[in-house]
Amino acid sequence: MEVTKIQLMNNNNKDEQIHKLEREIWLFEQWLISIEGQEGDTQTRIRHAYKECITSRKLALAKLQADDEGATSVEPPTLSQSNY
């Protein structure tokens, strides 16, 4: 019975991590959209940083979801796959 409780807690923790990553991805995408069309070095650096944040979080999300499904390998998303 104790093992089941631990597994349930681990699943809940994974679910929380998945939802957190999904929210962060959405937030960075919204910030990226909000500076669309703005020119300048600072905006270019910010856009690049947001894209990196989105990509890294999508990779972490894919890994968590694959672990959750019992998959053994995950291909990381590329910038072209994430539409950025």
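The values are calculated or read from the model by the stated rules, or taken from the named source; none is laboratory data. What you are looking at is a predicted structure, and each value in this text was computed from that prediction instead of being measured. Here the Cβ positions follow ideal geometry from the backbone for every residue, glycine too, while neighbour counts run over all protein chains shown.
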When you check Ala49 against the structure, is it modelled with pLDDT of 95 or more and of a type outside the set (Val, Ile, Thr), yes or no?
yes
The stretch 1-46 - residue that is acidic (Asp, Glu) and part of a helix (DSSP H, G or I) and, of those, modelled with the lowest pLDDT
Glu2
Matching residues in the stretch 18-50 - criterion: being surrounded by 13 or more Cβ atoms within 10 Å (Cβ to Cβ), over 10 Å from the mean Cα position of the chain (by Cα) and of a type outside the set (D, E, K, R):
Leu27, Trp31, Leu32, Ile35, Gln43, Ile46, Ala49, Tyr50
